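Structure first, commentary second.
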Amino acid sequence: MRDALIIGASGGIGQAMTRLLQARGVAVTGLSRSADGLDLTDGSSVAEHGQALAGRSFDLILNTTGALVIDGHQPEKTTDAIDADAMAAQFALNATGAALTIRHFAPLLHRDGRAVFGSLSARVGSIGDNRLGGWVAYRAAKAAQNQILRTAAIEWKRRNRHSIFVALHPGTVETPLTAKYAARHPTITPDRSAEALLGVIEGLTPEDTGSFWDWKGQRVPW
Ligand SMILES: NC(=O)c1ccc[n+]([C@@H]2O[C@H](COP(=O)([O-])OP(=O)(O)OC[C@H]3O[C@@H](n4cnc5c(N)ncnc54)[C@H](OP(=O)(O)O)[C@@H]3O)[C@@H](O)[C@H]2O)c1
């Protein structure tokens, strides 16, 4: 791996992945909302940042953006708490935003060799693995992101048979995103998550495109 683009390089996992790749000698281009004004909920912002990188090419593009709480909307405990604005905000970032990263950044992937586009989804976005209920909007937006990744994988296989598009679950990671929610769960540090995810990414082959993996290297059901 030589050239990586980290979208969301300001986040807990995005920062850790940037540090790790740099330590391994990979040239990392980082983009974020706070440092660069890249707002995934604004289609023209994503398009402009994609255009600004025209002529560059990457063998790894990783979307590490996402949010559980947006505009103060806490994750729902029951279906009674479903709220239209909260649902729309979740979809705008975790589903449409992820789709826009594919639309505007995937064309920067190397065309004639192994090239990985990974997106941080979440195990709770798995429909097959949903045993607890709750968190309706976040789960649904991540499930939509998974479908978008899978759809893109099929299309991109025709453009570059070495391309690998995957959804990734990073573990329960000690970042601002989980600060209020991880108390009853075993957690890992962002550095450990990044190291494990990079190991998973390095082990992927083109036959794996269109799949969903956790940080331990286990397949997650859709
Ligand atoms: N932490 C966990 O345990 C866990 C578990 C499962 C899945 N995940 C997933 O992993 C990903 C990263 O999570 P994290 O824990 O690293 O979260 P984090 O530390 O809160 O970082 C979130 C990142 O998303 C960016 N972001 C938020 N809204 C954005 C927007 N509208 N436009 C552009 N960027 C935006 C933030 O940018 P700025 O800070 O620059 O505004 C930041 O870079 C998320 O997709 C999350 O759902 C995390």
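The values are calculated or read from the model by the stated rules, or taken from the named source; none is laboratory data. Keep in mind the model is a prediction, meaning the values are calculated, not measured. Positions of Cβ are generated from backbone atoms using ideal geometry, with glycine treated the same way; all protein chains shown enter the neighbour counts.
Inspect all residues belonging to region 20-38 and state whether any of them is in a helix (DSSP H, G or I), crowded, with 17+ Cβ neighbours inside 10 Å and of a type in the set (Ser, Thr, Tyr).
No, the conditions are met nowhere in region 20-38.
List pairs: first residue in region 1-18 and over 14 Å from residue 101 (Cβ atoms), second residue part of a helix (DSSP H, G or I) and of a type in the set (Gly, Ala, Ser) anywhere in the structure, Cβ distance under 8 angstrom, at least six positions apart or on different chains.
10/34; 10/35; 13/193; 13/194; 16/193; 16/194; 17/194
Would you confirm whether any residue within region 200-210 is part of a helix (DSSP H, G or I), away from the ligand (no atom under 16 Å from the Cβ) and of a type in the set (A, V, I, L, M, F, W, C)?
Restricting attention to region 200-210, the residues satisfying the condition of being part of a helix (DSSP H, G or I) are 200-203, 206-208.
Okay, now just the ones that are also away from the ligand (no atom under 16 Å from the Cβ), so 202-203, 206-208.
From what's left, of a type in the set (A, V, I, L, M, F, W, C): none.
No.
Which members of region 186-199 meet the condition of being more than 14 Å from the chain's Cα centre (by Cα) and either among the β-branched types (Val, Ile, Thr) or assigned to a helix (DSSP H, G or I) (or both)?
Step one: of region 186-199, the residues more than 14 Å from the chain's Cα centre (by Cα) are 186-192, 195-196, 199.
Of everything in region 186-199, those that are more than 14 Å from the chain's Cα centre (by Cα) and either among the β-branched types (Val, Ile, Thr) or assigned to a helix (DSSP H, G or I) (or both) turn out to be 187, 188, 189, 190, 191, 192, 195, 196, 199.
Select from region 48-99 the residues that are within 13 Å of the chain's Cα centre (by Cα), near the ligand (Cβ under 10 Å from one of its atoms) and more than 21 Å from residue 172 (Cβ to Cβ) and list them in ascending order.
97
For region 173-222: of the residues being without any contact (Cβ under 8 Å) to a residue 60 or more places away in the chain and of a type in the set (A, V, I, L, M, F, W, C), which is surrounded by the most Cβ atoms within 10 Å (Cβ to Cβ)?
Result: 215.
Across region 1-26, what is the total count of residues that are within 11 Å of the ligand (Cβ to nearest atom) and in contact with a helix residue (DSSP H, G or I) (Cβ under 6 Å, 6 or more places away or on another chain)? Please lay out each step first, then the result.
Step one: of region 1-26, the residues within 11 Å of the ligand (Cβ to nearest atom) are 6-18.
Still in the running and in contact with a helix residue (DSSP H, G or I) (Cβ under 6 Å, 6 or more places away or on another chain): 6-10, 12-13, 16-17.
Total satisfying the criteria: 9.
If residue 182 meets every condition in (1) out of contact with any strand residue (DSSP E or B) (no Cβ under 6 Å at 6 or more places or on another chain); (2) modelled with pLDDT of 95 or more apart from one, which number is that one?
The single condition residue 182 does not satisfy is (2).
Restricting to region 88-131, what's the tally of residues that are of a type outside the set (Lys, Arg) and either within 21 Å of residue 205 (Cα to Cα) or modelled with pLDDT under 95 (or both)? Lay out the reasoning, then the answer.
At the first step, the residues of region 88-131 found to be of a type outside the set (Lys, Arg) are 88-102, 104-110, 112-113, 115-122, 124-130.
Subsequent filtering for residues that are either within 21 Å of residue 205 (Cα to Cα) or modelled with pLDDT under 95 (or both) retains 102, 105-110, 112-113, 115-121.
Final tally of qualifying residues: 16.
Output the residues belonging to region 112-123 that are away from the ligand (no atom under 11 Å from the Cβ) and part of a loop (DSSP other than H, G, I, E, B).
Of everything in region 112-123, those that are away from the ligand (no atom under 11 Å from the Cβ) and part of a loop (DSSP other than H, G, I, E, B) turn out to be 112, 113, 114.
Give region 124-165 a look and list any residue that's charged (D, E, K, R), surrounded by fewer than 21 Cβ atoms within 10 Å (Cβ to Cβ) and part of a helix (DSSP H, G or I), or say none. Write out each step before concluding.
So the first thing to find is which residues in region 124-165 are charged (D, E, K, R), and the list is 129, 131, 139, 142, 150, 155, 157-159, 161.
Then keep just the ones that are surrounded by fewer than 21 Cβ atoms within 10 Å (Cβ to Cβ); that gives 129, 131, 150, 155, 157-159, 161.
Matches in region 124-165: 150, 155, 157, 158, 159.
Report every pair of residues separated by at least 6 positions or lying on different chains whose Cβ atoms are under 7 Å apart, first residue within region 40-68 and at positive phi, second of a type outside the set (A, V, I, L, M) and within 8 Å of the ligand (Cβ to nearest atom).
Filtered contacts from region 40-68: 66/94.
Here are some conditions: (1) under 26 Å from residue 140 (Cα atoms); (2) assigned to a helix (DSSP H, G or I); (3) within 14 Å of the ligand (Cβ to nearest atom). Residue 102 meets all but one. Which one does it not meet?
In the conditions (1) under 26 Å from residue 140 (Cα atoms); (2) assigned to a helix (DSSP H, G or I); (3) within 14 Å of the ligand (Cβ to nearest atom), residue 102 misses (3) alone.
Evaluate region 169-180: report whether one residue or more is in a loop (DSSP other than H, G, I, E, B), polar (S, T, N, Q) and farther than 29 Å from residue 77 by Cα.
Filtering region 169-180 down to residues in a loop (DSSP other than H, G, I, E, B) leaves 170-172, 174-180.
Still in the list and also polar (S, T, N, Q): 172, 175, 178.
This time we only want the ones that are farther than 29 Å from residue 77 by Cα, so: none.
Scanning region 169-180 turns up no residue that is in a loop (DSSP other than H, G, I, E, B), polar (S, T, N, Q) and farther than 29 Å from residue 77 by Cα.
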